[in-house]
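Here's the structure we're looking at; comments come further down.
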Ligand SMILES: [Fe+2]
């Protein structure tokens with residue numbers, strides 16, 4: 001099952017990414033796997049056509065008035081008791097999270113962002129590149145497909161993603177800053193590697209990578225095991241990124257606490273109420 005018959009050619013650059021050809025698709029998957037193995041992340045530059053990227057960025061900016069503003073100091077490990085931990089332990093560190101977050105229910109189903117996310121061929125491509133037998137789109141009413149907007153001075157502090165597979169699509173790069181920095185595979189399910197995580201947070205260049213990113217690039221990395229941050233944005237042009245979530249289980253939803261943390265609410269708004277805003 002390739003699921004590419006319905007490839008949205010108005011969104012995906014099918015001249016550059018030959019997803020409708022067996023050999024073309026296999027080559028894309030092989031290159032993605034190679035990059036993941038060598039670099040800890042895979043980047044597909046120009047995956048979305050420039051005109052579609054512009055439409056997606058405009059769609060997200062139109063949704064900014066209904067987005068949730070986050071201005072928090074958060075730790076990468078949630079609320080951890082300081083008892084028995086040294087003061088510089090990475091579990092106790094807090095860094096700024098300052099951004100607007102656009103939730104799934106704000107997007108129009110017929111709009112370019114949701115249309116790309118709902119395309120089964122993308123889900124299949126992601127699972128093949130990550131060498132997963134099967135992945136599903138997350139079924140969360142707010143988090144499954146979302147976007148973040150970082151304006152001047154905004155940043156996304158050090159964190160691990162709470163689920164295994166979050167794919168990013170950069171829709172608009174800022175004039176300066178807004179750099180995505182990550183420490184590939186710095187921890188595993190069995191080894192938390194706190195000393196290395198602390199060193200990464202302190203800027204140890206031997207642990208950190210900064211992949212080149214331009215608007216239209218699809219970015220895959222294992223955010224649950226790779227601590228990462230987005231540095232403060234400079235200049236007036238906003239940094240806009242769409243985030244697509246997948247899981248090994250069908251119908252996966254995030255906790256109400258996670259939704260509240262990111263979007264300031266736990267439930268989807270009725271569509272009529274969304275339209276009325
Ligand atoms: Fe993240």
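The values are calculated or read from the model by the stated rules, or taken from the named source; none is laboratory data. Keep in mind that this is a model prediction, so the values were computed, not measured. Virtual Cβ from ideal backbone geometry, glycine too; neighbours counted across all protein chains shown.
If you check residue 271 against the conditions, is it more than 21 Å from residue 131 (Cα to Cα) and in contact (Cβ under 8 Å) with a residue 12 or more places away in the chain?
Values: more than 21 Å from residue 131 (Cα to Cα): yes; in contact (Cβ under 8 Å) with a residue 12 or more places away in the chain: yes.
Against the criterion (more than 21 Å from residue 131 (Cα to Cα) and in contact (Cβ under 8 Å) with a residue 12 or more places away in the chain), residue 271 qualifies.
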Might you let me know whether the stretch 89-108 holds any residue that is out of contact with any strand residue (DSSP E or B) (no Cβ under 9 Å at 6 or more places or on another chain), surrounded by fewer than 21 Cβ atoms within 10 Å (Cβ to Cβ), modelled with pLDDT of 95 or more and outside any helix (DSSP H, G or I)?
-> yes
Tell me which of these residue 76 doesn't satisfy, since it passes every other one: (1) modelled with pLDDT of 95 or more; (2) under 17 Å from residue 259 (Cα atoms); (3) under 17 Å from the mean Cα position of the chain (by Cα).
-> (1)
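Residue by residue, here is whether (1) over 13 Å from the mean Cα position of the chain (by Cα); (2) within 14 Å of the ligand (Cβ to nearest atom); (3) surrounded by fewer than 21 Cβ atoms within 10 Å (Cβ to Cβ); (4) free of Cβ contacts under 8 Å to residues at least 12 places away in the same chain holds:
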site	(1), (2), (3), (4)
153	yes, no, yes, no
163	no, yes, yes, no
169	no, yes, no, no
175	yes, no, yes, no
191	yes, no, yes, yes
196	yes, no, yes, no
206	yes, no, yes, yes
210	yes, no, yes, no
Conditions: (1) in contact (Cβ under 8 Å) with a residue 24 or more places away in the chain; (2) more than 16 Å from the ligand (Cβ to nearest atom); (3) farther than 18 Å from residue 70 by Cβ. Residue 186 meets all but one. Number of the miss?
-> (2)
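Tally the residues that are surrounded by 21 or more Cβ atoms within 10 Å (Cβ to Cβ) and out of contact with any helix residue (DSSP H, G or I) (no Cβ under 6 Å at 6 or more places or on another chain), restricting the search to the stretch 109-125.
So the count comes out to 4.
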Single match in 7, 58, 82 (criterion: assigned to a loop (DSSP other than H, G, I, E, B) and surrounded by 13 or more Cβ atoms within 10 Å (Cβ to Cβ)) = 7
Can you tell me which residue in the stretch 221-274 is farthest from residue 148 (Cα to Cα), limited to those that are out of contact with any strand residue (DSSP E or B) (no Cβ under 9 Å at 6 or more places or on another chain) and within 16 Å of the ligand (Cβ to nearest atom)?
-> 225
